[in-house]
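Written below as structure tokens is the structure these notes are about.
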């Protein structure tokens, strides 16, 4: 019995040390982080298009469209591709104007942010408008799967860092809002 207690104590101590060591993330100086980001290769327009092609194919395959639904797919695919192209253009412009944005005053940044959000809203509206006729023909199974498949297209490809905002609160609310509207994720 004493051996078991000794082994259990040793295991707990080792697990604690291992967890502590694991929790200590190595710190990278900000300058090194900037260099690492700059060293990462940027997506070319061709690379981006290939990713969009793969996403569109995955959405279509996941929806398992019927013959009648296939006829309604064209406008949806075009809207998704247009939104993706607009996103690529915004990303490119964003990179090119980085220094200009850093020197902008509050009002200039507010106007830029408003313009970006308006453009995103327009792209999202175009996808929603194109999707509505197809959505109305979906089975319950397709309606259950579609939000997960279309999330990136509907959110205009917004990455997690953009969705969460600086404090991470928006992403948290977004997950709960999704659960209210679509049920719990399975």
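Any residue at all in the stretch 53-64 that's under 30 Å from residue 138 (Cα atoms) and not in a helix (DSSP H, G or I)? Scanning the stretch 53-64, I find at least one residue that is under 30 Å from residue 138 (Cα atoms) and not in a helix (DSSP H, G or I), so the answer is yes. Where helices (runs of 4 or more DSSP H) fall wholly inside the stretch 90-186, the ranges with 2 or more residues that are loosely packed, with under 13 Cβ neighbours inside 10 Å and modelled with pLDDT of 50 or more are 98-102, 106-135, 140-154. Output the residues belonging to the stretch 43-64 that are more than 30 Å from residue 93 (Cα to Cα) and buried (at least 18 other Cβ atoms within 10 Å of the Cβ). The answer is 63, and nothing else.
Rundown of residues vs (1) in contact with a strand residue (DSSP E or B) (Cβ under 7 Å, 6 or more places away or on another chain); (2) at pLDDT below 55; (3) within 19 Å of residue 148 (Cα to Cα), yes/no style:
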site: 9; (1), (2), (3): no, no, no
site: 13; (1), (2), (3): no, no, no
site: 24; (1), (2), (3): no, yes, no
site: 31; (1), (2), (3): no, no, no
site: 55; (1), (2), (3): no, no, yes
site: 60; (1), (2), (3): no, no, yes
site: 75; (1), (2), (3): no, no, no
site: 79; (1), (2), (3): no, no, yes
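Just the residues that are within 19 Å of the chain's Cα centre (by Cα) and surrounded by fewer than 14 Cβ atoms within 10 Å (Cβ to Cβ), please, taken from the stretch 74-89. Scanning the stretch 74-89 gives a single hit, 89.
The values are calculated or read from the model by the stated rules, or taken from the named source; none is laboratory data. A quick note: this is a predicted structure, and the numbers were derived from the prediction, not measured. Cβ atoms come from the backbone with ideal geometry, glycine included; neighbour counts cover every protein chain shown.
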